[in-house]
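The values are calculated or read from the model by the stated rules, or taken from the named source; none is laboratory data. Just so you know, these numbers come straight off a predicted model, no measurement behind them. All Cβ positions, glycine included, derive from the backbone under ideal geometry; neighbour counts span all protein chains shown. With ligands, DNA and RNA removed, areas are computed over all heavy atoms of the protein, side chains included. Shrake-Rupley method; radii C 1.70, N 1.55, O 1.52, S 1.80 Å.
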Amino acid sequence: MTNSSEKEKTVKTPSTMKVIWQEFRHDRVAMASLIFTIVLILGIFIYAASLNLEKVTNVNIFAQYDKPGQDGFILGADEGGRDGFKMLVIGARNSITIGFAVTIISSIFGIVYGMISGFYGGWLDNGMMRIYDFINILPEIMIIIVLVTIIPKYNAGTFIIIMSCFMWLSTARLIRSKALSESEKDYVAASRTSGTSDFMILFREVLPNLSSIIIVDTTLSFAGNIGIETGLSFLGFGLPDSTPSLGTLISYAQDPDVIGSKAWVWLPAAIVILVLTLSISYVGQALRRAGDAQQRRG
Amino acid sequence: MWKTILRRVVIMIPQIIILSLLVFILAKFMPGDPFTGSITPQTDASQLHALKVQAGLYDPWYTQYIHWVVNMFHGNFGTSYQFKEPVMAVIGGRAINTLWLSLFTVILTYLIAIPLGLLAGRYEDTNLDRGIMFFNYVTYAIPLFVFLVIGLWLFGYVLGWFPSGGSVSLSANGFWGNTWSRLYHMILPGVLTALLSTTSTVQYLRSEIVDQKHQDMVATARAKGVPERKVFSRHILRNSLLPIAAFMGYSITGLLGGSVFVEQIFTYPGMGQLFLNSISNRDFSVITALVMIYGILALFGTLLSDIIMSVVDPRIRIK
Amino acid sequence: MSLVEIKDLQVHYPIRSGFFNRIHDYVYAVDGVSFEIEPGQTYGLIGETGSGKTTIGRSIIGLEKITSGKILFDGHDVSTKKERKAIDYNRDVQMIFQDSLSSLNPKKRIYDIIAEPLRNFEKLSDTEEKHRVRELLDTVGLGEDDLFKYPFEFSGGQRQRIGVARAISTNPKLVIADEPVSALDLSVQAQVLNYMQEIQSQFNISYLFISHDLGVVRHMCDSMAIMHRGRFVELGTRDDIYNHPQHIYTKRLLAAIPDVNVDQRDAQRKHRKEVEKIFDTEQSRYYDKNGRVLPLQKVSETHSVALPEDQVKGE
Amino acid sequence: MGEELLTINHLHTAFKRGTEYFDAVDDVSLKIHKDEILAIVGESGCGKTTLAKSIIGLHDLKRTKITGNIKFQDQELVGASPEKFDQLRGSDMGMIFQDPLAALNPLMRVEDQVREVLDYHTDYSATKKHKIVLKLLDQVGLENPERVARQFPHELSGGMRQRIIIAIAIACKPELIIADEPTTALDVTIQAQILDLLRSIQAQNHAGIILITHDLGVVADTADEVVVMYAGQVVERGTVFQIFNHPLHPYTRSLLKSIPQAEHEGDRLYAIEGAVPSLAKMPHDGCRFAPRIPWIPESAHEKTPTMHEPEEGHYVLCTCYQTFKFENGEAV
């Protein structure tokens, strides 16, 4: 019996998350923004789940541009007489979901790309960096917009994929430089001479040493990707019309009359984006500080 | 040094070729052709076919590609279907507007970012530093378009300090009147974009200075009896600022990406707005030309950065 | 038969420059080196920065791709990765690194670090594995409590002993020690060296001891080679090298070591200056016109020196 | 022996970690004269570099607390103004660093870096400064000074860079030169040249040199006076002959014994138990070396160790030296 419990102790790899969490807990503002972010996102998702999308997006011409409070619309109504608050919640849910999906896909790709490039080095790295350099100079916003316009059967799924094609770059660069410096350390050489295969070294030895950077980078990318999705939706080249996004809601502000005198139509969405990106980034920055503190100890 | 620069230029050639191929392929996927716009119910199908043959639309793709590239070299990007004018003429006037706004923004960005980065680095861990770092975090987190929309609303509509759109007032006359009006139109978009573009420069400069401060090199300078102020300006500052100079080229890419948003929100008649406009009107010859131009500008930006870097850093220069 | 036989080993790194980044020249890190390692012996490899000593160590263990030449282990050619893999080469040949902190993965517990080679080469049951790791820790003077700690919880000397434990976990026949004590303070350097010696007599391991510290090499090694510019200038036993050096570079190196014998310091200084002067004037005779070290000449059964041919004389 | 140049009395240098201060240099007293090379020897973390930086005023005073006295040419340096230090450094005090590459500005030519000292301490004309720079480069043994002056640090070898650092340090013929591990990053053959250079400069300038090192060989070869430091304290000081021929403190004796000796090739080396305590774990009272010689009874140590002078000019901390024997019974 004792044997099995001890065994568990030996197999368990140190959890970076746990160590960072220890550091993180001491940062009160960070804890507050983490709790706030989680409550906000959960609230949006739970409330959105209770809404009937069709009903919310139904045009009701009699309620056009209702002011906040009028006809029971807390945040007023838009051009189509739709309930501003409910649209806001659905838009926020969509934006968060897309941002999250893009972050997961692009981060995984960026991490694998960066690790392989940095770890193996040589001509492989050279070739991979050339590809990276090239994609990096492309005017990404424009190309995404062009792709969005020319792709047939365009929907949220294709949008996620198109965005992910360009959003992995910064992760890849960061991970590559870290993987490069890690792979020059002697513990990698020691693993090689201990008969461990390159693949295992990469994922079992090097990856754990990158984990804190990955956590921070993913959090920050999440905030960034929400920004980019809403930006594209704002221009009209993001989520398709059937799925409103926070960006779509703000895009009403492109009408001089709306921006000037009907702020309730777009301002709440702008504020929600600000609050979301600011709080998620703050969590990310606090995680970085916690990671650095942990690095110093390690 | 010349060899390094020349090599860097040579590396650019395949990049331009791939870029052009990519843009060409995108163009091929775009629906319609140069004659779509001129089709009327009266157009004879066979006549149209003859026109298309003449324009080489049935040639193999590589012939078309070469044809396209050759035309491009002659500055011929075709005709805008929307404006019924050569594409270059359509872009020309807009390009100048974008150039002015970008230049204005770049200058402002560095005017704001460099002092902030220097102060934060020099007075590391003071309240000043913490304040600047908070500003830095905010500029990092806020998406540009939200900031622009809110800024426009606040200063353009609520307070009414600045014009809400356009690049020059119709009533402006005379050289000075005109220039002032242009500048006046650029202030709000320029300042707002510049504020948000400071992030990386402030961050980089600060960490570079903090890093340099702890180098032995600085201890040597102090040991020479160089006064603290001079240690900062002659050693720390110089060594930290040189890489910043080299980043200017890279900032072109970011600015161009942002120009789509700025120009759209401030209805500023530049290339970014033209691009969106052409997308809505399916004016594909203009779109391809713009993507190509933006790509090449970004390429020259990185080239410029690499050249500045090799000029300012003797460790690269000597090689 | 020798345990390891190195024949005309060459490791060159390309220098790229010019317009197309083409290879213009090579760094001759190791430029034609041959020697043999017998079981249970300690060999010293001495040289200054950039002499190629580390490159030799890393190419024997397989961390460096060799340009030409052969490395034979127990008669097997182990010059390529495939050949090494086929005979589980690294089970028999292990390495101790200079920087103890960087050579231990900061995210792994000591237990997992030491067990890594065991898991790859020996198929032990969990109990056997744990028993073996404990035994190894005990061998280098560390205890049971240290098993589940992380590397940063140890001092430099302790970390280096953990590195030693890992290197000997699979009972290797050869351990390459690359500057194993250079980063350590004098007071703990002795701890590590003593454990290395004890382990050698216990398990009959051969060491290839790479160092720039002539005092430590003299203490540890029976035979040694002096390297300069990627080649051997002198090869021999401890007595040959320290008491009868013949190459001008060896003499210069020996004269440069500061001695703790204060009473002799003026004499030593004078001696050093004389040797330095001779080195300056006669240097050219000991190197060919490209500055390359001359081929080794045998001057006795154990002693070879890279002398000009007219200088060779028996001892 | 020349006149007294620098006297340190009861110096404490404490670093702030969190809210607490930790003494990295703990009650250090020493003297250095003109024409003298004083070696401060000790292992990493013993406080020798902290001591040097306290003398030359390179600590960040926001995080460091310095108390005690440092008297240099009749001036008190503890609490001296930054302007005072700017004036002293470079002209009356020179410093040589361990890593010559890191210590030079990578973006400045050699000439500019050497001339900078003259810029702040002399009002010579540009041509005169140029001449002096070339003379200095020649003096530190660099061939073709004209060429070297125009080069950047990365174009030079490690030994050449260290010569440039020395040229900077001696540009204004300082009275005191502090050399912090000047040869640690260099190969032995270069080390020998640099040590010879230091000695010849001293002979010419009659300066006092503080040589900080962990290498006992370097000390024996170069120093006149020796200060042995352990865990922030001076445990023994005396002439180089006293220290090497009649070491007293158990730490000094243990260190000397652990050096691999030619006569005992292959034998077990003497190994000192344990490791140097870290700054945060430094014991506050009692003999700091006691935990590493556990076979010596507690009664042999002083409760609060004091300096003793068993022979003239030879000082040792704590009484444990009187009865100290190695575990095998040997005395030395």
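Among the GluC sites (Glu not before Pro) found in region D:237-305, those both in a DSSP coil and sparsely packed, with 15 or fewer other Cβ atoms within 10 Å of their Cβ, are D:Glu265, D:Glu273, D:Glu302. Please tell me the relative contact order of chain D in percent, rounded to the nearest whole number, where contacts are Cα pairs under 8 Å and at least six residues apart. 20 percent. For chain A, the tally of Lys pairs with Cα-Cα distances below 25 Å comes to 13, considering only residues 8 or more apart or on different chains. Placing +1 on the Cβ of every Lys and Arg and -1 on the Cβ of every Asp and Glu, with nothing else charged, gives region D:250-331 a dipole about its Cα centre of roughly 360 debye. Scaling the Cα radius of gyration of region B:233-290 by the globular reference 2.2 N^0.38 Å produces a ratio of 1.70.
How high is the relative contact order of chain A, in percent, counting Cα pairs under 8 Å that sit 6 or more residues apart? Here the relative contact order equals 25 percent.
Interface burial in region A:235-283 reaches 50 Å² or more for A:Leu235, A:Ile259, A:Leu274, A:Leu278, comparing the full protein assembly with the chain by itself; accessible area from heavy atoms with a 1.4 Å probe. Against the empirical 2.2 N^0.38 Å (N residues), region D:107-168 has a Cα radius of gyration ratio of 1.02. Calculated FRET efficiency, B:Ile187 to A:Gln254, Cβ-Cβ distance, R0 = 30 Å: about 0.90 to the nearest 0.05. For region A:68-101 and region C:88-127, what is the separation of their Cα centres, given in Å? Region A:68-101 and region C:88-127 have Cα centres separated by 58 Å.
Each eigenvalue of the Cα gyration tensor of the protein assembly as shown, multiplied by 5 and square-rooted, gives one semi-axis; in descending order these are 64, 36, 34 Å.
Heavy-atom accessible area buried between chains A and C is around 2500 Å² (1.4 Å probe, both sides summed).
Peptide C:260-266 shows a mean partner chain C-beta count of 6 within 10 Å per residue C-beta. Compared with the dominant principal axis of the Cα atoms in chain B, helix B:127-141 is inclined by about 20°. Straight-line cross-link partners of D:Lys31 among the lysines, defined as a Cα under 21 Å from its Cα and at least 8 positions apart when in the same chain: D:Lys48, D:Lys53, D:Lys71, D:Lys173.
Of the residues D:Trp295, D:Tyr315, D:Pro260, the one whose Cα sits farthest toward the positive end of the charge dipole of region D:250-331, with +1 on the Cβ of Lys and Arg and -1 on the Cβ of Asp and Glu, is D:Trp295.
Sorting D:69-79, C:66-76 by average packing, meaning the other beta carbons within 10 Å per residue, from highest down gives C:66-76, D:69-79.
The smallest convex shape that holds all Cα atoms of region B:87-316, its convex hull, gives 154 Å³ per residue.
The heavy atoms of B:Glu85 offer some 80 square angstrom of accessible surface to a 1.4 angstrom probe.
Note on region B:71-148: Rg/Rh from Cα positions, Kirkwood definition for Rh, rounded to two decimals, is 1.28. For region B:163-231 and region B:249-307, what is the separation of their Cα centres, given in Å? A separation of 22 Å, based on Cα centres.
Only protein heavy atoms count here; on that basis, with a 1.4 Å probe, A:Glu23 has an accessible area of about 50 Å². Kirkwood hydrodynamic radius of region B:178-299, from the reciprocal of the average inverse Cα-Cα distance over all distinct pairs: 17.6 Å.
Projecting label points 7 angstrom from Cα along Cα→Cβ for B:Lys84 and D:Gln87 puts them 8.5 nm apart. Computed over region C:163-315, relative contact order equals 18 percent, with contacts defined as Cα pairs under 8 Å that lie 6+ residues apart.
Take B:Asp125: with every protein chain present and a 1.4 Å probe, its accessible area is about 90 Å².
Per-residue shielding of D:103-111, expressed as the average number of other chain Cβ atoms within 10 Å of the residue Cβ, stands at 5. Lys-Lys pairs in chain B that are eight or more residues apart or on separate chains and whose Cα atoms lie under 17 Å of each other come to 4. Taking R0 as 51 Å, what's the FRET efficiency between D:Ser278 and D:Glu3 from their Cβ-Cβ distance, rounded to 0.05? The computed FRET efficiency comes out at 0.85. Surface burial for B against A, with a 1.4 Å probe and both sides summed, reaches about 3500 Å² of accessible area. Candidate cross-link partners of C:Lys273 among the aspartates and glutamates, defined by an alpha-carbon separation under 12 Å and a same-chain spacing of 8 or more, comprise D:Asp196. Apolar share of the accessible surface for chain C: 47 percent from carbon plus sulfur atoms, 1.4 Å probe.
Eigenvalues of the alpha-carbon gyration tensor of region B:164-242, scaled by 5 and square-rooted, set the equivalent ellipsoid semi-axes at 45, 15, 6 angstrom, largest first. For region A:215-298, the fraction of alpha-carbon pairs lying more than 17 Å apart is 56 percent, rounded to a whole number. Summing Cβ point charges (Lys, Arg +1; Asp, Glu -1) relative to the Cα centre of chain C gives a dipole of roughly 1000 debye. Counting Cβ atoms of other protein chains within 10 Å of each residue's Cβ and taking the mean over peptide D:186-197 gives 5. When A:Lys55, D:Lys129 are compared by accessible area of protein heavy atoms, the largest-first order is A:Lys55, D:Lys129, using a 1.4 Å probe. Considering region D:224-332, its Cα convex hull presents a mean projected area of 7.4 nm². Between A:Val146, A:Val283, A:Val216, the residue with the greatest mean-square fluctuation in the GNM of chain A (Cα pairs under 10 Å linked by springs) is A:Val146.
Using the 1.4 Å probe convention, the accessible area of chain C works out to 42 Å² per residue with neighbouring protein chains retained.
Paramagnetic label reach from D:Glu309 (point 7 Å along Cα→Cβ; backbone nitrogen cut-off under 16 Å): within region D:11-40, residues D:29-33.
Measuring between their Cα centroids, region D:1-46 and region A:229-298 lie 58 Å from each other.
Compared with the rule-of-thumb size 2.2 N^0.38 Å for a compact globular protein, chain A has a Cα radius of gyration ratio of 1.20. Per-residue ellipticity at 222 nm, computed for the protein assembly as shown from helices alone with -39500 (n - 2.57) per DSSP H run of at least four residues, works out to -17000 deg cm²/dmol.
Take the accessible area of C alone and of D alone, subtract that of the pair with a 1.4 Å probe, and the total buried over both chains is about 3200 Å². For region D:96-188, which whole-number percentage of the solvent-accessible area (1.4 Å probe, protein heavy atoms only) is attributable to carbon and sulfur atoms? Carbon and sulfur together cover 47 percent of it. What region D:107-168 shows is 45 Å² of accessible area per residue, with the surface traced by a 1.4 Å probe over protein heavy atoms. Among D:88-101, C:269-282, sorting by the average number of other beta carbon atoms lying within 10 angstrom of each residue, highest first, gives D:88-101, C:269-282. When a/c reaches 1.5 or more, the comparison of a/b and b/c decides; with that in mind, is chain D rounded, prolate or oblate per its Cα gyration tensor? Note, shape of chain D comes out prolate. Taking the accessible area of region D:190-282, probe 1.4 Å, and keeping the other protein chains in place, the carbon and sulfur fraction comes to 52%.
Each of C:Lys53, D:Lys257 has its accessible area taken with a 1.4 Å probe; listed largest first, they run D:Lys257, C:Lys53.
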